[in-house]
1. With a 1.4 Å probe and all protein chains left in place, how much of the accessible area of segment 167-226 comes from carbon and sulfur atoms, in whole percent?
2. Obtain the nm distance between the two label points defined at Y380 and K7 by a simple spin-label model: each point lies 7 Å from its Cα along the Cα-to-C-beta direction.
3. With a 1.4 Å probe and all protein chains in place, put T51, T174, T403, T390 in order of accessible area, largest first.
4. Evaluate E = 1/(1 + (r/R0)^6) for D240 and I117, where r is the Cβ-Cβ distance and R0 equals 60 Å; express this FRET efficiency to the nearest 0.05.
5. Taking the simple approach of a point 7 Å from Cα along Cα-to-Cβ for both R179 and R193, what is their distance in nm?
6. Taking amide H positions as placed 1.01 Å from N in the peptide plane, with prolines and chain starts having none, which residues 5 or more places from G319, or on another chain, fall under 5 Å of its amide H?
7. Each residue of segment 244-249 in turn: what ³J(HN,Hα) in whole Hz from Karplus with 6.51, -1.76, 1.60 and θ = phi - 60°, glycine and Pro shown as x?
8. Scan around G12 for amide H atoms under 5 Å from its own, H built in the peptide plane at 1.01 Å from N, and keep only partners 5 or more places away or cross-chain.
Amino acid sequence: MRSEPNKKPAIGVIVADEYADETARVILRAHSHGHPVLVTHRAGGAGEALTFATQLGARVVPPEASDDSAAKALIEECRRLDYPGLIIHNDLEKRIDYDRALVEFEESAAYVVHAKIKADETRTDTIVGIPAYNEGDSIASIVSAAREYVDTVLVVDDGSTDDTADVARSAGATVFEHRQNLGYGGALKTVFRRALKWDVDHLVILDGDGQHDPADIPRLLERQRDTGAEIVVGSRFSPDSNTMLPVYRRIGLWVVNTLVNVSMRGGNAAVRDTQSGFRAYNARAIRSLATEPLGDHMDASIDVLYHAHRHGYRIEEVGTTIRYDVDNASSHNPIVHGLVLVKRAVETAGFERPNTVLGAPGFTAALFGLVTTLFFLLGYVPPAYTSPLTVILSAVVLLAGITVCFRAVVLGAVNTNREHR
């Protein structure tokens, strides 16, 4: 046997700029199978391909003038790093059959072999994406657990100040690093864009703090494949969930869920858990969300649902258990977080359903203000309850109600024009 214990031969590739996406897929699959990757290119440049290679943890070898000299450079670097051998992959548009390649490597006396190509050239089916910020204490166990169900786990390290990126790589994840913290929404956008570039069929998003159970990944994917739903949500409020929600969180989530569902008028059935970050997306949803502007913070989860509503996507839910007793749970202040979500939901609800959310309350306030103002001015209210302040307050309520009604009319006109375009 040629390979050393726990040490596999390296995968060597010669890249070109027009094969940047293919380069990323080769590196991802090689890492998921436990192989280091050596990358070089012909003189003249392969900018984007080399950028991907560097970001995905491949070792870049200085360029050479021709394919022959580039291959020699890869072999020399492989020997210098004391790898047990080198598998050269020439056709980046095709997938390596790792089982066959290792069999040939083990049975051959050669230090260098050429990759065997898979007979079926299907693309990577599913990846798991994990937005992470300072999750060094928990990320390794999450990555390891997720890799039991998918070949590729992508961790987007959102400018962490700890060792999140290094720990995730050591656990077998492919890591993409932000130079600065962009917030949950910013990390989520990067996950969608990477998934689009790798042309995957399914993307499962979960948190890196240990609150989500990776063992539920197959359940979300099974529901998505069975129903064809663009999005499947791991829900805390489905009958088969055993989540023990603190009372204050349950009340806050009820408010947010109600507002979000009110704003998503018609179409899909109500979403029980609008704030669960444990979701599966199919290729159609990935394509559209990769180019959709999302909020940079936790309200991005609401933006995704509004996007799904506008595009007529089907949303399914699967019961999952979310833990709140983990050591590294979210550091967001639940009150501040809740107020941000409520504000976002109210703003959107007002725009999407102006007559219900703004028109009805505005009309009620205006009518109340008009009646009380007239009663005060016409003397129908006993003098003991009448004062300049009460009259002014009634007039303010009247004007506020009229203003809100006017805003509802304007937004209704905007929506009508939008729907008839």
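1. 40 percent
2. 9.3 nm
3. T403, T51, T390, T174
4. Computed FRET efficiency for D240 and I117: 0.90.
5. Taking the simple label geometry, R179 and R193 are separated by 1.3 nm.
6. Close amide H contacts, sequence-distant or interchain: S235, D240.
7. Coupling constants for segment 244-249: 9, 7, x, 4, 5, 6 Hz.
8. Long-range HN contacts for G12: L38, I87, I88, H89.
The values are calculated or read from the model by the stated rules, or taken from the named source; none is laboratory data. The model shown is predicted, which means the values in this text are computed figures rather than measured ones. Every residue, glycine among them, receives a Cβ derived from its backbone with ideal geometry; neighbour counts consider all protein chains shown. Surface accessibility is based on the protein's heavy atoms, side chains included, excluding ligands, DNA and RNA. Shrake-Rupley method; radii C 1.70, N 1.55, O 1.52, S 1.80 Å.
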